[in-house]
Amino acid sequence: MSRKKGRKANREGEASGGTPFDELSELLGLDNLPKGPEKVDKPARRSLEKLPPRGGKNTTRGRIEIQRQTAHRGGKAVTVASGFKGIALAEKKELAKKIQRACGVGGTVKEGRIEIQGDNRETMMEILTEAGFNPVISGG
């Protein structure tokens, strides 16, 4: 037997359609009990004001972590940007080229991360900010 068929019937033999407060007020003879919460519509996940106009610059593309690493590189520093979500490989390569030209160094895109030779965290941060990301320097 399903749950719906097994509901308790009220005095007239019909399935109760009201709230528990209605049944309680009938039993106790009280008329001033609250009716219960009203149905509230959920707000939209993104409001239209936050979205950029068509063709405009997107400034909410996500958080990017920028780190300086030296491990397994012979003591040489490398600046690594990671945490790209929803970005195509072609766009990552384009960003890497832009950063390389600005810093005057080499670099690559490996496993979804942009690696640039040397300690260029500040320059990388400026370029990623211009591209609409929220870069954060993490680590040491």
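The values are calculated or read from the model by the stated rules, or taken from the named source; none is laboratory data. What you are looking at is a predicted structure, and each value in this text was computed from that prediction instead of being measured. Heads up, the Cβs are rebuilt from the backbone with ideal geometry, glycines too, and the neighbour counts pull from every protein chain shown.
Given the conditions (1) surrounded by fewer than 17 Cβ atoms within 10 Å (Cβ to Cβ); (2) over 15 Å from residue 64 (Cα atoms), report the number of the one that residue 103 does not fulfil.
For residue 103, the failing item is (1).
Identify, please: which residue in the range 106-140 is in contact with a strand residue (DSSP E or B) (Cβ under 7 Å, 6 or more places away or on another chain) and of a type in the set (Lys, Arg) and is, among those, surrounded by the fewest Cβ atoms within 10 Å (Cβ to Cβ)?
113
Filter the range 94-140 down to the residues that are of a type in the set (S, T, N, Q) and in contact (Cβ under 8 Å) with a residue 12 or more places away in the chain, then identify the one that is nearest to residue 77 (Cα to Cα).
Restricting attention to the range 94-140, the residues satisfying the condition of being of a type in the set (S, T, N, Q) are 100, 108, 117, 120, 123, 129, 134, 138.
Filter once more, keeping what is in contact (Cβ under 8 Å) with a residue 12 or more places away in the chain: 100, 108, 117, 120, 123, 134, 138.
Working: 100: 15, 108: 14, 117: 7, 120: 9, 123: 15, 134: 23, 138: 15 Å.
That would be 117.
Can you name the residue in the range 61-80 that is farther than 20 Å from residue 133 by Cα and surrounded by 11 or more Cβ atoms within 10 Å (Cβ to Cβ) and is also modelled with the lowest pLDDT among such residues?
Once the filter is applied, the top-ranked residue is 73.
For the structure I just gave you, tell me whether residue 86 is in contact with a Lys or Arg (Cβ under 9 Å, 6 or more places away or on another chain) and either at pLDDT 90 or above or exposed (fewer than 12 other Cβ atoms within 10 Å of the Cβ) (or both). Talk me through it step by step, then tell me what you get.
Working: in contact with a Lys or Arg (Cβ under 9 Å, 6 or more places away or on another chain): yes; either at pLDDT 90 or above or exposed (fewer than 12 other Cβ atoms within 10 Å of the Cβ) (or both): yes.
It is true that residue 86 is in contact with a Lys or Arg (Cβ under 9 Å, 6 or more places away or on another chain) and either at pLDDT 90 or above or exposed (fewer than 12 other Cβ atoms within 10 Å of the Cβ) (or both).
If you scan the range 76-91, which residues turn out to be over 18 Å from the mean Cα position of the chain (by Cα) and not in a helix (DSSP H, G or I)? Don't jump to the end; show me each part of the working.
Keep residues of the range 76-91 that are over 18 Å from the mean Cα position of the chain (by Cα), which gives 76-81, 89-91.
Passing the criteria: 76, 77, 78, 79, 80, 81.
Out of all the residues in the range 92-112, which are in contact with a helix residue (DSSP H, G or I) (Cβ under 6 Å, 6 or more places away or on another chain), of a type in the set (Val, Ile, Thr) and outside any strand (DSSP E or B)?
Result: 99, single match.
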